[in-house]
Amino acid sequence: MELSELWFILIALVFIGFFFLEGFDFGVGMSTRLLAKNQTERTVMVNTIGPFWDANEVWLLTGGGAIFAAFPHWYATMFSGYYLPLLAVLLCLIGRGVSFEFRRKVDDPKWTEIWDWVIFISSLFPPFLLGVLFTSMLKGMPIGQDMNMTPGFFDFINVYSLWGGVTVTLLCFLHGLHFLTLKTDGVLRQRAAVLAKKVVWTVLGALVIFVGLSWLMTDIFEVRLVPELILVVLIVAAYGLSYMFNRQKREGLAFSMTGLGLAFTVTAIFVGLFPRVMISSIDTAFDLTVYNAASGNYSLKIMTIVALTILPFVLGYTIWSYYVFRKRVTDKEHLTY
């Protein structure tokens with residue numbers, strides 16, 4: 001295996017980690033309006049992700065940094081072509097972080113209400129925009145011989161990319177509901193479980209439509225038929241099992257299944273891309289690949305050594321933090337956020 005191929009896999013793993021971890025953050029943020037009935041319940045929800053949200057966002061920054069270092073041509077093409085949606089994602093993440101800190105700084109229900117709306121909006125749009133971004137990459141964007149992307153409005157916004165954005169948003173929402181069944185208690189926990197049982201059917205329907213659109217509008221099944229079909233089966237099985245485990249009140253397993261569903265979905269995207277990193281809708285000869293978009297071999301070698309040295313500490317800290325804050329959050333205790 002070449003180092004450029006290894007780094008493509010590592011970047012895929014980083015984005016899998018991001019959607020698994022930040023996915024439930026987004027889902028909880030959406031639930032503050034779609035599940036909570038008052039500010040107290042919204043405060044409980046925010047406190048369930050309070051110790052984790054900032055560390056979870058680092059996975060996205062790590063993914064962007066890894067692309068910049070390992071595949072500079074991919075970085076230059078993608079970040080310039082997708083400048084506006086990526087800027088919108090960044091502004092939403094900033095707004096969400098600020099709202100977590102500001103919502104309880106003034107003892108005024110109207111003040112808290114404003115920042116609660118910021119949490120909801122800034123949790124809704126990032127998964128949608130990232131879904132649009134990744135699915136439009138699968139469909140192909142107008143990339144020329146000089147590796148410059150010159151997209152028009154309908155290259156970004158079309159049936160396939162919009163449905164991809166909706167599907168990713170729904171996956172995150174369901175993931176967040178299952179996280180709430182793990183981290184809350186009482187009536188809130190019960191309502192989250194009930195709503196998750198309903199939403200899972202919408203998720204499965206959205207996934208079926210998305211697979212159909214992918215078959216018709218992309219070449220991922222043409223170039224990777226067997227792996228993609230296997231991943232589709234695994235995705236459907238994961239969400240089916242999440243429903244079963246939810247009915248059995250095995251909340252940890254249900255949450256793990258929605259996490260696996262997200263992980264398999266991101267995996268399907270990267271498997272469909274490989275060995276390409278960006279697909280040109282103008283001419284396949286202009287595709288960016290793991291070979292023509294990569295850094296030099298020496299740079300990749302140094303990056304590999306550094307990554308293998310640091311990664312165990314990052315994973316260890318992440319696991320430790322989740323262990324420390326493993327208890328359920330209720331409205332009977334001191335609420336920080």
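Step through the table entries 37/183; 37/198; 139/301; 197/327; 139/197, compare each Cα-Cα distance with 20 Å, and write down the pairs that go over it.
Those over the limit are 139/301; 197/327; 139/197.
Checking understanding here: applying a Kyte-Doolittle mean of at least 1.0 and a length along the axis of at least 20 Å (C-alpha), which whole DSSP H helices in the chain pass?
Qualifying helices: 3-34, 83-102, 159-183, 186-217, 225-247, 251-273, 297-324.
Kindly report the accessible area of the chain per residue (heavy atoms of protein chains, probe 1.4 Å, no ligands, DNA or RNA), in Å².
Working: 15640 Å² over 337 residues.
The answer is 46 Å² per residue.
Against the empirical 2.2 N^0.38 Å scaling, what ratio does the C-alpha Rg of region 27-161 come to?
1.25
Could you calculate, for region 15-82, the ratio of the Cα radius of gyration to the Kirkwood radius, expressed as Rg to Rh?
Reported Rg/Rh (Cα atoms, Kirkwood Rh): 1.16.
Cα-based Rg of the chain per 2.2 N^0.38 Å, rounded to two decimals?
In units of the globular-protein estimate, the chain measures up at 1.00.
Per-residue counts of other Cβ atoms within 10 Å, averaged by peptide: what ranking do you get for 200-211, 318-329, highest first?
With the highest mean Cβ count within 10 Å placed first, the list reads 200-211, 318-329.
How many nm separate the modelled label positions at residue 114 and residue 244, each set 7 Å beyond the Cα in the direction of the Cβ?
Distance between label points: 5.0 nm.
Residue 106 to residue 317: FRET efficiency via 1/(1 + (r/R0)^6), r the Cβ-Cβ distance, R0 41 Å, to the nearest 0.05?
Between residue 106 and residue 317 the formula returns 0.80.
Top mean-square fluctuation among 289, 112, 32, Gaussian network model of the chain, C-alpha springs under 10 Å?
Maximum among the listed residues: 112.
Based on alpha-carbon centroids, what's the gap between region 254-286 and region 96-175 in Å, whole number please?
First find each Cα centre; the distance between them is then 18 Å.
Using Cα pairs closer than 8 Å and at least 6 residues apart in sequence, work out the relative contact order for the chain, in percent. Intermediate results must be reported in sequence, preceding the final value.
Numbers: 467 pairs, mean separation 92.0, N = 337.
With pairs under 8 Å counted, the relative contact order is 27 percent.
Using +1 at the C-beta of Lys and Arg and -1 at the C-beta of Asp and Glu, which of 309, 275, 195 has the Cα lying farthest in the positive direction of the dipole of the chain?
The one lying farthest along the dipole's positive direction is 195.
How big is the convex hull of the Cα atoms of region 85-237, per residue, in Å³?
Expressed per residue, the convex hull around the Cα atoms of region 85-237 is 146 Å³.
Report, to the nearest whole %, how much of the accessible area of region 1-91 belongs to carbon and sulfur atoms, 1.4 Å probe, protein only.
C and S atoms contribute 72 percent here.
Could you work out [θ]222 nm for the chain from helices alone, using -39500 (n - 2.57) per DSSP H run of at least four and dividing by all its residues? Round to the nearest 500 deg cm²/dmol.
So the calculated ellipticity at 222 nm is -26500 deg cm²/dmol.
Tell me, in nm to one decimal, what length is gained between residue 80 and residue 39 on full extension, where the rule is 0.36 nm per residue of separation less the Cα-Cα distance?
My answer for the length gained is 10.8 nm.
Given a Förster distance of 41 angstrom, what is the FRET efficiency for residue 236 paired with residue 304, based on the Cβ-Cβ distance and rounded to 0.05?
Once the sixth-power term is evaluated, E becomes 0.70.
The values are calculated or read from the model by the stated rules, or taken from the named source; none is laboratory data. Model, not experiment: these values are computed from the prediction. Ideal geometry is used to build each Cβ from the backbone, glycine not excepted, and the neighbour counts take in all protein chains shown. To get the accessible areas, we keep the full protein, side chains included, count just its heavy atoms, and leave off ligands, DNA and RNA. Shrake-Rupley method; radii C 1.70, N 1.55, O 1.52, S 1.80 Å.
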